[in-house]
1. If you take the residues of region 15-53 that are surrounded by fewer than 21 Cβ atoms within 10 Å (Cβ to Cβ) and of a type in the set (Ser, Thr, Tyr), which of them is modelled with the lowest pLDDT?
2. For residues that are more than 13 Å from Leu131 (Cβ to Cβ) and either in the same structural domain as Ala44 (by TED's automatic domain parsing) or in a strand (DSSP E or B) (or both), tally how many sit in region 175-209.
3. Quick one: Val103 ticks every box in (1) of a type outside the set (Lys, Arg); (2) touching an Asp or Glu at 6+ places or on another chain (Cβ under 6 Å); (3) assigned by TED's automatic domain parsing to the domain that holds Gly228 bar one, so which box is it?
4. For region 206-216, state whether one or more residues are touching a helix residue (DSSP H, G or I) at 6+ places or on another chain (Cβ under 6 Å) and of a type in the set (Asp, Glu).
5. All but one of (1) more than 17 Å from the chain's Cα centre (by Cα); (2) crowded, with 20+ Cβ neighbours inside 10 Å hold for Gly245, so report the exception by its number.
6. Would you pick out the residues in region 280-297 that are part of a helix (DSSP H, G or I) and of a type in the set (S, T, N, Q)?
7. Filtering region 217-237 down to residues that are surrounded by fewer than 20 Cβ atoms within 10 Å (Cβ to Cβ) and among the hydrophobic types (A, V, I, L, M, F, W, C), which residue is farthest from Glu170 (Cα to Cα)?
Amino acid sequence: MNRPRLLAAALILGLLVASCGQRSGSAPSAYPQDQIRLIVPYVAGGPTDIAARSLGRFMQQRLGQTVVVENEPGASGSTAYKHLISAKPDGYTLSMSALPTAVLNYLINDVGYTRANFAPVGVITQVPSALVVPGSSPYPNLAALFADARANPGKVTVATPGSTNTHASETRRATKLYGVPLTVLPFNGNPEVLTALLGGNTVAGFVNVSQDMLPAIESGDLRVLAVGTAARLPYLDAPTFVEQGYPELTQSTTTFGMIAPAGTPEPVIKRLEEVMRSASADPEVVRELDPRYVPKQFVGSAELAAMFERTEQTFRGIAGG
């Protein structure tokens, strides 16, 4: 073979190798080339699911590939996270995450993973929480509820959307820090907590004040006794724990984000982060998610990783019941 033919053959071989490299996802422009699976660690209809489906629709439009949203509830999210970390770290299996719950899972239980097994991508919503009771509850305020709990240990049950999530942990912190004996009743997500509250199967509930819960609050089916934020929320006529004498109970806001398995190529993470940044600024996405919950400043991969670390430091040693 003469020299020109050798050069031509080498050029063709080089192009083929480059093409194969792109198909493997080594270049951000090559990703994605197949459908993406987005796992939701909780039941359909809750705040994590709402965020996932809105984000999934935007990702599908922006990336040009089908995004399949799958609900895998169980064990306060750890079932889904185990499936995530067992997947190939190529960007085709992702999961929604809920902080602090994602961290509380491995602080409290031996679930087989830590934050080192996750590659954070970004944040899509941040949802405050509140302690609520049925509209017909005999407790007019937080003081009355806590007074009865102290007088009758074991009587006051608090339904939470998980056993090792922020709501369960904040309920237990109320007991540890302030001597209020409250009994945690864990359920799989806000919808199950709402059913328990309306069915009279729990005295109170500690829930995200999210789109799925606001209608029951606005209709009067539920009453808010305390909000778990440092300052009052402009869209709820309810006092905070802080102003009622419980300044430590401000750790219940849930941060909903997206994560990938550790080891996912950085260009893929960057591509997904870019899409999430665009989603958080898209008027239709913001409308679907509710502007009350979408951060004004986008929280990206590095910031979400730092939040995982801070959450771990905050709850280590006080998370268990």
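The values are calculated or read from the model by the stated rules, or taken from the named source; none is laboratory data. This structure is a prediction, so every number in the text was calculated from the model and none was measured. A quick note on method: Cβ atoms are made from the backbone with ideal geometry, for glycine too, and the neighbour counts reach across all protein chains shown.
1. Result: Ser24.
2. Total satisfying the criteria: 3.
3. (3)
4. Yes, the conditions are met somewhere in region 206-216.
5. (2)
6. Selection gives Ser280 alone.
7. Per the stated criteria, the residue is Leu236.
Residues checked against (1) part of a loop (DSSP other than H, G, I, E, B); (2) more than 21 Å from Lys296 (Cβ to Cβ):
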{"site": "Leu249", "(1), (2)": "yes, yes"}
{"site": "Ile269", "(1), (2)": "no, yes"}
{"site": "Val275", "(1), (2)": "no, no"}
{"site": "Ser278", "(1), (2)": "no, no"}
